[in-house]
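Step one of this worksheet: look at the structure below.
What follows is calculated from the coordinates using simple rules that are stated; it is not laboratory data. Everything numeric in this text was worked out from a predicted model, so none of it was measured. Don't worry about glycine lacking a Cβ; one is built from the backbone with ideal geometry, like all the others, and counts go over all protein chains shown.
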Amino acid sequence: MTEVIDGNAVAQTIRDSLGGAIDTLDDAGVTPGLATVLMSDDPASETYVSMKQRDCEEVGINGIHVELDTHAPAQELYDTIDDLNADPDVNGILVQMPVVDQVDTRRVLRSVAPEKDVDGFHPENVGRMVAGNARFKPCTPHGIQKLLEHSGVETEGAEAVVVGRSDIVGKPMANLLIQKAPLGNATTTVCHSRTKDLAAHTRNADIVIAAAGVPELVDGSMLKEGATVIDVGVNRVDADTEKGYELVGDVEYESAKEVAGKITPVPGGVGPMTRAMLLWNTVKAASEQTGVAVDLD
Ligand code: NDP
């Protein structure tokens, strides 16, 4: 029987486990604060930000939301980040990507104070993670590690294939999998759009992590019997639904489920974990900035 990995349930466990840490901070007079910044009129980004704010409210993190006019000069965003960096009530800052064209994305990533960079995208934090001394692991790959852990998937010695090499998912995911550390020690291959024979790689894998942004790219015929399949993709495809579309992953779920040992659904797999790990990083940031020790595993 294929086990469907329930990301909503694992994310709830993570949120519950943060309760003790948030209480400890509260006893010391600290309420963790997360600022979300939106400078985009992309409806998906608006939805993501409002879900993140709702998550904050649910666990007792103070959510602060800043929305900038999409026609404003880029400097307004840079100034906003400077203000949030200086605000002691803000422990974590998340600038929702992508931002409008007039903004220099690299400058944004460099501008967020590394100790408040709960996305883990500042070059200093990327460097620390690669060196095996992460301050904040990026939320999606960190969430996938937690999913694998909660599902009892052994990464040590496993053949892992990551499909995709983006800075936010593929690269950090591969990096975490090769770390000489718990939830690492996998022999890891990274595939991308120039990979000649994707199936030859995925068929050899004990763990496949699909993060290509291509609907149903990986199907059952491309998998090894019993493999663990983590589907990161969130793709809107036209469908005869009320909204006119449906969400599908990068994995063709029905055929993959026939072959996989464990598999994540879309939605309800990786997505909720990304959001849970943002809360986790915010609590860690609050603890480190205030010197109030908390238990986070
Ligand atoms: P990007 O578009 O930044 O990167 C996609 C990667 O996939 C690139 O490295 C690209 O290769 C590779 N790729 C594209 N086509 C193929 C192909 N045919 N075969 C093999 N590799 C291919 O996407 P992201 O990493 O930002 O996101 C990936 C997916 O995950 C998206 O659907 C996104 O919506 C979703 N996502 C979901 C999250 C969640 O929480 N559930 C969080 C973040 C993303 P190349 O480098 O050569 O172009």
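Computed per residue of the chain from DSSP H runs no shorter than four, each worth -39500 (n - 2.57), the mean residue ellipticity at 222 nm is -12500 deg cm²/dmol. In this structure the amide hydrogen of GLU3, modeled in the peptide plane, comes within under 5 Å of the amide hydrogens of LYS262, ILE263, none closer than 5 places in sequence on its chain.
Helix 139-150 axis versus longest C-alpha principal axis of the chain: approximately 60°, rounded to the nearest ten.
Taking a Cβ cut-off of under 13 Å around VAL130, the surrounding Lys, Arg, Asp and Glu residues balance to a net charge of +3, with basic ones at +1 and acidic ones at -1.
The antiparallel fraction among DSSP beta bridges confined to the chain stands at about 10%. Going by alpha carbons, how many degrees (0 to 90, nearest 10) lie between the helix axis of 74-86 and the longest principal axis of the chain? Tilt relative to the chain: about 70 degrees. Given bins 5 angstrom wide, list per bin the percent of all Cα-Cα distances in the chain, short to long. Here the calculated profile for the chain is 1, 5, 12, 15, 18, 16, 14, 10, 6, 2, 0, 0.
Determine, for PHE136, PHE121, the number of other Cβ atoms within 10 Å of each Cβ, and report the residues in order from fewest to most. Provide the component values of the computation, followed by the final result.
On the way: PHE136 27, PHE121 23.
Listing PHE136, PHE121 from fewest to most nearby Cβ atoms yields PHE121, PHE136.
Largest GNM mean-square fluctuation among ALA74, ALA286, ALA256, using the chain with Cα springs under 10 Å: ALA74. Springs between Cα atoms under 10 Å define the GNM used for the chain, and in it the highest mean-square fluctuation of ALA134, ALA186, ALA227 occurs at ALA134. Working value for region 13-105: equivalent-ellipsoid semi-axes of 28, 16, 8 Å, each the square root of 5 times a Cα gyration tensor eigenvalue, largest first. With the convex hull drawn around the C-alpha atoms of region 1-40, the volume per residue stands at 73 Å³. Compute the long axis of helix 270-290 from its Cα atoms, compare it with the longest principal axis of the Cα atoms of the chain, and write down the angle in degrees, 0 to 90, nearest 10. Long axis of 270-290 versus the principal axis of the chain: about 40 degrees. Within the shell of other residues whose beta carbon sits under 10 angstrom from the beta carbon of ASN91, the net charge comes to -2, with Lys and Arg scored +1 and Asp and Glu -1.
Distance from the C-alpha centroid of region 115-160 to that of region 185-213: 18 Å, rounded to the whole angstrom.
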